[in-house]
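S.K.: Next up is a structure, given as structure tokens.
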Amino acid sequence: MRKKTLVAAALAAAVCWATGCDTPAERQTVSDTEVRDLTVREEIRIGRAEERLVKECMAAKGYPYWELPVPGADERKAGRYVTDDVAWARKYGYGRVFEERGEEIRRTDPTTVHINKLGPRERAAYNKALDGDHRNRMSTELPGGSGTVDAPRGGCANQARSTLYGDAEKWFAARKTVEGILPLYGRDLMEDSRLTKPVAQWARCMREAGRPFDDPGRLRQERGRATADMPSAEAHRFDRTLAVLDATCAGKTALARTMRALETSYRENVLKRYVKQRNTYRTMRLHALRQAEDVLS
């Protein structure tokens, strides 16, 4: 179960995938009563508070727990299909540094090391204290009727979420709905005819720069094969050079702007089917933000 927790902490929620949500890093003024999406900084605050609460809960049960690092703003930009952020590309390439950091966390995370040293009975007790009772599970339907997803009730992880969001089970259902809509529009987005011209412009820009790729998806496939056997430092240099060119072409052409507008449109249209769940999601996150400020103060 700790492995799942690590994966969750290593990745930002993929609510917007192609270009990233247009969520500002900061807001100048925020109404206490406005139902809205969170800023990136606010999401990070909640993540830190959740880790703090889990640690406190485990300590109260007599177990050690080491807080996981919460992904920062730059890490949350990794994995996008298209980006025109040249400065980010110049610094991080395609986010390999974050992938390697995640692997390092999985190898050296003190909590995982501790769990692996326990005997079977002690390990089961620890995991139950942390993740809950796997024989008693909550479940919710995935968007579009594609199935259900479940998770254990109880444990310090859910206790932390209850403290932040007010109700761990209600939060589980709202989050799985709002953050699970990508399959309902992803294929339509990628096959939208309004991308044909911008992708061709991007491909022409790349070809003129000596990098003949038909589309960003093919570039990422070839990039993976090209760097698979490279030493880390060499792969980083390769990635940064290619990513800067990729982002430059996405910005010079209409690709990034068009993809961003289309994804926003598709996502908003799908979310119209889930107005109640979206309002719940937003309201509970704002409640979590207020709680997080108390936890971290």
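The values are calculated or read from the model by the stated rules, or taken from the named source; none is laboratory data. Only a predicted model underlies this, so the values are computations on that prediction, with no experimental measurement involved. Ideal geometry is used to build each Cβ from the backbone, glycine not excepted, and the neighbour counts take in all protein chains shown. What goes into the accessible areas is simple: the full protein's heavy atoms, side chains included, and nothing from ligands, DNA or RNA. Shrake-Rupley method; radii C 1.70, N 1.55, O 1.52, S 1.80 Å.
S.K.: When ligands, DNA and RNA are left out and all protein chains stay put, how many square angstrom of accessible area per residue does the stretch 84-211 have with a 1.4 Å probe?
M.R.: Spelled out: the 1.4 Å probe surface of the stretch 84-211, per residue, equals 55 Å².
S.K.: In whole angstrom, how far apart do the alpha carbon centroids of the stretch 96-168 and the stretch 220-237 sit?
M.R.: Their Cα centres are 32 Å away from one another.
S.K.: Sticking with this one: Working from Cα positions, state the angle (0 to 90°, nearest 10) between the long axis of helix 96-108 and the longest principal axis of the chain.
M.R.: 20 degrees
S.K.: Just subtract the alpha-carbon distance of A125 and R220 from 0.36 nm times their residue separation and send over the number in nm, one decimal.
M.R.: 29.9 nm
S.K.: Could you list which residues have their amide H under 5 Å from that of M138, counting only those 5 or more apart in sequence or on another chain, with H placed in the peptide plane?
M.R.: The answer is A151, R153.
S.K.: For the chain, with the dipole built from +1 on Lys and Arg beta-carbon atoms and -1 on Asp and Glu ones, taken about the Cα centre, which of A243, N158, M284 lies farthest toward the positive end?
M.R.: Working it through, the farthest residue towards the positive pole turns out to be N158.
S.K.: Note down the magnitude of the dipole of the stretch 149-268 about its Cα centre, charges +1 on Lys and Arg C-beta and -1 on Asp and Glu C-beta and zero elsewhere, to the nearest 20 debye.
M.R.: Dipole of the stretch 149-268, to the nearest 20 debye: 260 debye.
S.K.: Relative to the compact-globule scaling 2.2 N^0.38 Å, provide the ratio for the alpha-carbon radius of gyration of the stretch 194-267.
M.R.: 1.19
S.K.: Take the alpha-carbon positions of the chain, form their convex hull, and give its projected area averaged over all directions (one quarter of the hull surface) in nm².
M.R.: The directionally averaged projection comes out at 17.4 nm².
S.K.: Over the stretch 152-194, with every protein chain in place, what whole percent of the accessible area is carbon and sulfur at 1.4 Å, could you tell me?
M.R.: Reported share for carbon and sulfur atoms: 43 percent.
S.K.: Just the number, please: Stokes-Einstein D of the stretch 149-297 in µm²/s, Kirkwood Rh from C-alpha pairs, 37 °C, 0.692 mPa s.
M.R.: The Stokes-Einstein estimate is 174 µm²/s.
S.K.: Using Cα pairs under 8 angstrom and six or more residues apart, how large is the relative contact order of the stretch 153-297, in percent?
M.R.: Reported relative contact order: 43 percent.
S.K.: Let me ask another. Calculate the dipole size of the chain relative to its Cα centre from +1 charges on Lys and Arg beta carbons and -1 charges on Asp and Glu beta carbons; express the result in debye to the nearest 20.
M.R.: Magnitude of the dipole: close to 340 debye.
S.K.: I need the GluC sites (Glu not before Pro) found in the stretch 90-185, filtered to DSSP loop residues with at most 16 other beta carbons within 10 Å of theirs.
M.R.: Loop-located and lightly packed - E179.
S.K.: Averaging sequence separations of C-alpha pairs under 8 Å and six or more residues apart, then dividing by the length of the chain, give the relative contact order as a whole percent.
M.R.: 29 percent
S.K.: Quick one: pull the percent of accessible area on the stretch 254-297 belonging to carbon and sulfur, 1.4 Å probe, ligands and nucleic acids left out.
M.R.: 49 percent
S.K.: What pairs from K55/K176; K61/K170; K77/K252; K197/K272; K61/K176; K91/K176 go past 22 Å between their alpha carbons?
M.R.: Beyond 22 Å: K55/K176; K61/K170; K197/K272; K61/K176; K91/K176.
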